[in-house]
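Below: the structure, in C-alpha cells.
Each reported figure results from applying straightforward, stated rules to the coordinates on display, with no laboratory input. All values reported here derive from a predicted model rather than from experimental measurement. Glycine also receives a Cβ, built like all others from the backbone with ideal geometry; neighbour counts cover every protein chain displayed.
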Amino acid sequence: MKIKTVLCYGDSNTWGYDAKTRDRFPYDKRWTSILESILGENFKVIAEGLCARTTVLDDPYEGENKNGKRYISLILETHRPIDCIILMLGTNDLKKKFNASAWDIAQGAASLIDEIMKSGFFDQPAKNIILISPPEVGNLTETDFEKLFEDAEEKSKELGKHFQETALTKNCSFIDSAKHIKPTPIDAIHLDEKAHAELAKVIADKVMEII
C-alpha cells in the first residue's frame, strides 16, 4: 500500500514549543508526532513548523523568512508528492505590530491556500487541505507576551468564524481548534502536552475522514 504523506505547515505550536522549558517538546509529545502514531504505518507526517511564522506578513524585526507565503511553494516541492496539507497559522499575525484584524488574518490564510493550489506540487482536491483556525489567546496579563500580543485575546475569538468562511470559500476542510484546546496559562499562546495530544486526535479524525 502506498504511504500517504501529510504535511503540517505552521508556527511554534507545530514546531512544538514548550512554554514551561522555553525549549522544544520531546519528539513523541508534539502533536505532529502523535498524529503520525495515530494514523499508523501507512502515513508519514512531516512537521514544517517555524517559530513566529505568519500567514503572509514580513516581520519587521525577525525578517522576511517568517512570512509563510514566501516559502510555501519551496516546501511543497521539497516534500512532494503530498496527499494532505494541514495549515495552522494566524497566531503570530495577532501581534500588535501587524495591526491585522481577524478578517485580515483569514485572508492571509486564503492567500496561502491559493498558493498551494496553483503551485503544481499538490494535485489533490482542495478538501485535502485542512485549514485550522488557531486556539484562542488566553489571559496575557503578566505573561511574557503581554505587550507583544496586546489586544490579541479578543481578536483571536473572531478567528474561528473568519477561517471557517475562508474554508467554505476555498472548498477545503476545516477545524476550529478553539473548540477542542486552549493554550497553557503560562504564556497564553502555546500548547501544553495535553493540548498537543488532544489536537492530534481531532486532526487524525479529519485526515481519516478525507483520505
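For GLU193, what is the net charge nearby, where nearby means another residue's Cβ is under 14 Å from its Cβ and Lys, Arg count +1, Asp, Glu -1?
Working: positive: LYS20, ARG24, LYS29, ARG30, LYS182, LYS194, LYS201; negative: ASP18, ASP23, ASP28, ASP192, GLU198.
Taking every other residue near GLU193 into account, the sum is +2.
Cross-link candidates for LYS2: which lysines have Cα within less than 17 Å, leaving aside residues fewer than 8 places away along the same chain?
Correct list for LYS2: LYS44.
Using only C-alpha atoms and all pairs of different ones, pull out the Kirkwood radius for the chain in Å with one decimal.
Details: mean 1/r = 0.0591 Å⁻¹.
It works out to 16.9 Å.
Could I get the Rg over Rh figure for the stretch 107-167? Both from C-alpha atoms, Rh via Kirkwood, rounded to two places.
On the way: Rg = 15.2 Å, Rh = 13.5 Å.
Here Rg/Rh amounts to 1.12.
Taking the Cβ of GLY10 as the center, what net charge do the other residues with Cβ under 9 Å away carry, scoring Lys and Arg +1 and Asp and Glu -1? All intermediate terms of the calculation are to be shown ahead of the outcome.
On the way: positive: ARG53; negative: ASP11, GLU48.
Overall, the nearby charge balance is -1.
If we count every other residue with Cβ under 15 angstrom of TRP31's Cβ, Lys/Arg +1 and Asp/Glu -1, where does the sum land? Show your work: numbers first, answer last.
Numbers: positive: ARG24, LYS29, ARG30, LYS182, LYS194, LYS201, LYS206; negative: ASP11, ASP18, ASP28, GLU36, GLU48, ASP192, GLU193, GLU198, ASP205.
That sum, taken over residues with Cβ under 15 Å, equals -2.
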